[in-house]
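Asks: The structure's right below; bear with me while I get my questions together.
What follows draws every value from the coordinates through simple rules; no lab data is involved. Note that the coordinates shown come from a computational prediction; the quantities given were computed from them, not determined experimentally. Heads up, the Cβs are rebuilt from the backbone with ideal geometry, glycines too, and the neighbour counts pull from every protein chain shown.
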Amino acid sequence: MKISRILIANRGEIAVRIMKTAAIMNIETVAIKTAVEPGAMYLSSADVIYDNTDDATDIPVFLDIEKLVAIALKTKANAIHPGYGFLAENAYFAQKCIDNKIIFIGPSPDAIYKMGNKTIARKIALAGGIPMAMGSEGNLANEEEAIVMAEKIGYPVIIKAASGGGGRGMRIVRKSDEMEKMFNIASKEAEKAFNDPSVFVEKYIENPKHIEFQILGDTKGNVIHLGERECSIQRKHQKLLEEAPSGALDDKLRKKMGTMAVQIAKAVNYHSAGTVEFLLDSEKNFYFMEMNTRIQVEHPVTEIITGIDLIEQQIRVANGEALSFKQEDIKLNGWAIECRINAEDVQAGFAPDPGKIESIFMPSDPCVRVDTGVQAGSSIVASYDSMIAKLIVKGKDRKEAIKNCKMALDKVWIKGTKTTLPFFRMLVRNPKFLDGNFTTAFIENLDKYYLNSEYEEMLAAWLATKLFVEENLNDDSISVDFKHGKEMSPWLLNKRINQF
């Protein structure tokens, strides 16, 4: 059975992204219309719309396994793509699709379960000789067990949810009298987020880099990697900016880490797209952290430097096709950076700032790609994530990619909600970011001057744009679009700042 119609069990920009590739492959798509977002942008890209606006249940449709399977059957979709988030890493959902003769575009239920449970994943990695941070062999029953383990491996330690990721159910503990509080917080957060309160403890690696390898496998036993992504710019263990490749890796280290990432995937007979994540310390020692058994938010940067459409590969693998390339065929060309533009209040610790997008302008340039699920009139709703768009920029090397990223960020204009734009405009001009000398503690250690008040945020944006204009006065290929980007005009911002 070949895939002819895909139900997108997701929303927002990833739904739009999947539909674009499906259209190129002449595969029909089904989108779900919800009462929360009845006019969502992604609906306009689908071939079929299933109206679920009258659903009175308390469970969101994208988390309702029985409902999603029923919708697929009703709409004659013979495949389901879960995107990311929601049920993308739910082994039961994958099995339910298979039981109903629906193709699940993703790995096997067994691989999802084994890699989704972090304690099982740790055992698999250890059995394969993959470097690991010291930690508990299994889940911990209570804070007393956690204290015993922490004293054995040495503080600081980090408590992690056994069944989750994305920063939820994670707490750093630096001394024993913090353990009871942090253990209970992490466990309750894990139960709420993943319906599983199980947690474990491992040694906390201070100020590492976060490096992840993109994996592709097929059902014939072939597994390769497509290079790495640098994901160290993050807050609350959640990523904000990613780039590929990473300036921290040379060819020798890339080969070593990539080989071990493939080894982990092969250990669970992995097929589809997946990501093996590592921590890299200042001495270039790396430690396996987890495997995400789905497409990642940051997949576009890998697509840009490899020329491979990862969604297309997921669909082809789900169709039973073998990978059409081998490891030696993969070449990394150029550099790519992705900025996650979210509706968030930076001064409030990157708290979501839901609201209506009154107007939005994104740059159009050969070096820029924009993945988005919103348009003017769209609403960022509190019940879903706060992402507005992903701004992906490329260059022949890191220096050019950053230059192009500055240009692109200065042209973006979004009105109606607070966004992470001022943060990114500051970031791409920060000396530590420019020289690559940053870790996952970058935001934590960032001078609070940039983040403390709206006045300072505006001032930082104004100064950044002023410098940009002055640096490029003689460059006819670069311009700041004041017509669409009025909030970035140094003269207008200067006027506003002087009012304080």
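Asks: Kindly provide the pair-distance distribution of segment 134-203 built from C-alpha pairs, with 10 Å bins from 0 and whole-percent values in order of increasing distance.
Replies: Spelled out bin by bin, segment 134-203 gives 26, 59, 15 percent.
Asks: Taking the dipole about the Cα centre of the chain, with the C-beta of Lys and Arg at +1 and of Asp and Glu at -1, give me whichever of T29, T420, T57 is farthest to the positive side.
Replies: Final value for the positive-end residue is T29.
Asks: Could I ask something else about it? Listed highest first by mean packing, meaning other Cβ atoms within 10 Å per residue, what order do 142-152, 289-299 come in?
Replies: 289-299, 142-152
Asks: Here's a follow-up. Kindly flag which residue pairs out of K394/K415; K236/K390; K33/K114; K192/K418; K236/K432 have an alpha-carbon separation exceeding 23 Å in this structure.
Replies: Beyond 23 Å between Cα atoms: K394/K415; K33/K114; K192/K418.
Asks: From zero up to wherever the largest Cα-Cα distance of the chain sits, split into 10 Å bins and tell me the percent of pairs in each.
Replies: Over the chain, the share of Cα pairs per 10 Å bin runs 4, 19, 29, 28, 16, 4, 0 percent.
Asks: When Lys and Arg each count +1 and Asp and Glu each count -1, what net charge do the other residues less than 9 Å away from G83, Cβ to Cβ, add up to?
Replies: Neighbourhood net charge equals +3.
Asks: Mind checking the dipole of segment 209-444: about its Cα centre, +1 per Lys or Arg Cβ, -1 per Asp or Glu Cβ, Debye to the nearest 20?
Replies: 340 debye
Asks: Could you list the square roots of 5 times each eigenvalue of the Cα gyration tensor of segment 5-105, that is, the equivalent ellipsoid semi-axes, sorted largest first and rounded to whole Å?
Replies: Its equivalent ellipsoid spans semi-axes of 18, 17, 12 Å.
Asks: Taking only C-alpha pairs under 8 Å that are 6+ residues apart, what is the relative contact order of the chain in percent?
Replies: Reported as a whole number, the value is 12 percent.
Asks: Same structure, new question: For K220, give me every one of the lysines with a C-alpha distance below 18 angstrom, ignoring sequence neighbours fewer than eight places off in its own chain.
Replies: Within the straight-line cut-off, K220 pairs with K2, K266, K326.
Asks: If each residue of separation counts as 0.36 nm, what is the full-extension length gain between N142 and R174 once their alpha-carbon separation is subtracted?
Replies: 9.8 nm
Asks: Sticking with this structure for a sec: Helix-only mean residue ellipticity at 222 nm, the chain, DSSP H runs n ≥ 4 weighted -39,500 (n - 2.57), per residue, nearest 500. What is it?
Replies: Helix-only estimate at 222 nm: -10000 deg cm²/dmol.
Asks: Turning to a different aspect of this structure: What do you get for Rg/Rh of segment 209-444 when both radii come from the Cα atoms and Rh is the Kirkwood radius?
Replies: Reported Rg/Rh, Kirkwood definition of Rh: 0.97.
Asks: Also, I was wondering about something else. If you add up the charges near R235, with Lys and Arg at +1 and Asp and Glu at -1, over every other residue whose beta carbon is less than 13 angstrom from its beta carbon, what do you get?
Replies: 0
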